[in-house]
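**Student:** One structure coming up, written as structure tokens, with questions to follow.
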Amino acid sequence: MGKPENLATAASALRQAHVSCDHPAPVQELRAALGQGDFALILLFVSPMADFQAIVSEAQTCFTGAHIVACTTAGEISEKGYTEGEIVAAALPADLFAVTTLVLPDLGNIVPQQVFGDLIRARAALAQAAESMPHEFAFLAVDGMSLREDELMSALSPGLGAMPLFGGSAGDGVRFEQAFVACNGKSYRDAAVLTLVRSHCRVKVFSLDHLVPSTTRMVVTSADPSRRLVHEINAEPAAREYARLLGKDPEQLDTFTFAAHPVVVKVGGRHHVRAIQRVVDKTDLVFFSAIDEGLVLTLANPEDLATHLDRELTAMAESGPLEGILVCDCILRRVEAQQSQQTARISEILRRNRVVGFGTYGEQSDAKHVNQTMTGVAIYRPDPEPEPQD
């Protein structure tokens with residue numbers, strides 16, 4: 001088995017490495033590729049083809065002194081761009097970052113007051129421990145099969161204050177059976193891990209999509225919100241009405257259709273995607289995020305995915321020298337890239353901008369759970385040392 005082509009330098013503020021799932025010693029290979037030094041945080045994005053618990057257990061032993069947060073994926077993003085069947089590591093050096101983690105188990109029984117109190121205490125402790133680090137962000141990894149992201153975001157929002165958050169829903173490839181998150185050697189289902197970060201590096205948390213709302217609207221007239229299931233649109237069977245509005249055969253609806261023809265809702269003056277996951281019972285539509293009766297959905301038309309991504313990442317690089325970009329990228333964006341034969345072009349854009357991350361079943365941006373977006377944080381070169389005073 002050859003060594004992975006990991007290109008991060010020892011001086012990088014966002015080191016990254018990747019290795020195939022079938023490597024005989026994947027964690028050791030990642031440790032060697034990340035280089036020397038102490039780390040505040042190790043993020044592991046693990047293909048569902050790997051033994052997740054074995055990976056996180058070994059990482060806990062291998063990366064001593066670091067917080068280790070991991071999740072399963074719906075595809076990975078490494079120094080090769082879009083990839084599959086890999087374990088990808090992103091590491092934040094301890095001399096530039098300070099980190100604390102908060103495990104949120106049993107998402108079906110969230111107690112908002114407890115979440116608020118735990119989050120406030122964690123933020124205060126981190127701020128005191130890393131007083132000299134002025135920049136901050138939060139990263140959320142959540143079980144993408146829990147169906148609890150919307151409730152979780154509502155519980156987290158009051159305690160975050162001005163700290164910007166991005167995150168992703170852990171995936172299971174295209175199987176949609178089970179997903180895992182992990183923190184410091186222990187794996188969880190129906191749970192989330194919140195990572196709070198302070199840094200000497202300037203950061204920019206972002207959320208982007210390439211979708212433009214059309215004039216075609218529809219109303220959800222029958223739904224089961226707890227299961228994110230829509231039975232009827234415009235008082236007609238949901239899948240058939242959606243297909244009719246597209247001018248397509250309802251029997252031919254698939255993931256490619258949903259990626260190319262998303263629907264959006266208007267919240268707070270902005271449109272947010274409510275992505276469709278699949279058809280069940282030939283007539284019902286399952287969504288990736290909260291959906292309810294009376295909701296007005298608008299069909300959206302995509303810009304060219306690669307052109308939009310190149311423009312947005314180029315703009316981030318114009319704000320200063322980038323060390324790297326950590327992202328959560330919706331599985332439907334990858335599907336659209338494949339359908340439009342743009343995978344290679346997008347991978348080149350991701351490589352050029354030193355993007356690392358994973359494919360998701362949904363994304364979190366500040367107080368919202370969203371779909372068909374790329375959320376993330378751009379990490380810039382560390383602030384210069386202040387001039388000594390005479």
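The values are calculated or read from the model by the stated rules, or taken from the named source; none is laboratory data. Please read all numbers here as calculations on a predicted model, not as lab measurements. Neighbour counts run over all protein chains shown; Cβ positions are idealised from the backbone, glycine included. Surface accessibility is based on the protein's heavy atoms, side chains included, excluding ligands, DNA and RNA. Shrake-Rupley method; radii C 1.70, N 1.55, O 1.52, S 1.80 Å.
**Student:** If you take just the strands (runs of 3 or more DSSP E) that sit entirely in the stretch 63-157, which of them hold at least 1 residues that are open to solvent by less than 40 Å² (accessible area, probe 1.4 Å), farther than 25 Å from residue 22 by Cα and hydroxyl-bearing (Ser, Thr, Tyr)?
**Tutor:** It comes to 97-104.
**Student:** Here is a follow-up. Would you tally the residues in the stretch 158-181 being farther than 18 Å from residue 124 by Cβ and either open to solvent by 10 Å² or more (accessible area, probe 1.4 Å) or of a type in the set (S, T, N, Q) (or both)?
**Tutor:** Count: 8.
**Student:** Provide a single number: the residues in the stretch 292-311 that are assigned to a loop (DSSP other than H, G, I, E, B) and closer than 20 Å to residue 335 by Cβ.
**Tutor:** Total satisfying the criteria: 2.
**Student:** Additional query: May I ask you to list the residues in the stretch 321-349 that are open to solvent by 20 Å² or more (accessible area, probe 1.4 Å), over 26 Å from residue 274 (Cβ atoms) and touching a strand residue (DSSP E or B) at 6+ places or on another chain (Cβ under 7 Å)?
**Tutor:** Within the stretch 321-349, 321, 322, 323, 348 meet the criteria.
**Student:** Could you run through the stretch 1-49 and say how many residues are in contact with a helix residue (DSSP H, G or I) (Cβ under 8 Å, 6 or more places away or on another chain), open to solvent by 20 Å² or more (accessible area, probe 1.4 Å), modelled with pLDDT of 95 or more and not basic (Lys, Arg)?
**Tutor:** Number satisfying all stated conditions: 3.
**Student:** Still on this structure, I have one more. So which residues in the stretch 350-372 are of a type in the set (Val, Ile, Thr), touching an Asp or Glu at 6+ places or on another chain (Cβ under 8 Å) and within 24 Å of residue 17 (Cα to Cα), if there are any at all?
**Tutor:** Listed by number, the residues that qualify are 356, 360.
**Student:** Which is open to solvent by less than 10 Å² (accessible area, probe 1.4 Å), in a strand (DSSP E or B), polar (S, T, N, Q) and touching a Leu at 6+ places or on another chain (Cβ under 7 Å), of 364, 372?
**Tutor:** Being open to solvent by less than 10 Å² (accessible area, probe 1.4 Å), in a strand (DSSP E or B), polar (S, T, N, Q) and touching a Leu at 6+ places or on another chain (Cβ under 7 Å) holds for just one of 364, 372, which is 364.
**Student:** Continuing with the same structure: Which ones in the stretch 281-320 are in contact with a helix residue (DSSP H, G or I) (Cβ under 6 Å, 6 or more places away or on another chain), closer than 22 Å to residue 355 by Cα and open to solvent by less than 10 Å² (accessible area, probe 1.4 Å)?
**Tutor:** 305, 306, 309
**Student:** Check residue 252 against each of (1) out of contact with any strand residue (DSSP E or B) (no Cβ under 6 Å at 6 or more places or on another chain); (2) within 23 Å of residue 147 (Cα to Cα); (3) among the polar types (S, T, N, Q) and name the one condition it does not meet.
**Tutor:** Residue 252 satisfies every listed condition except (2).
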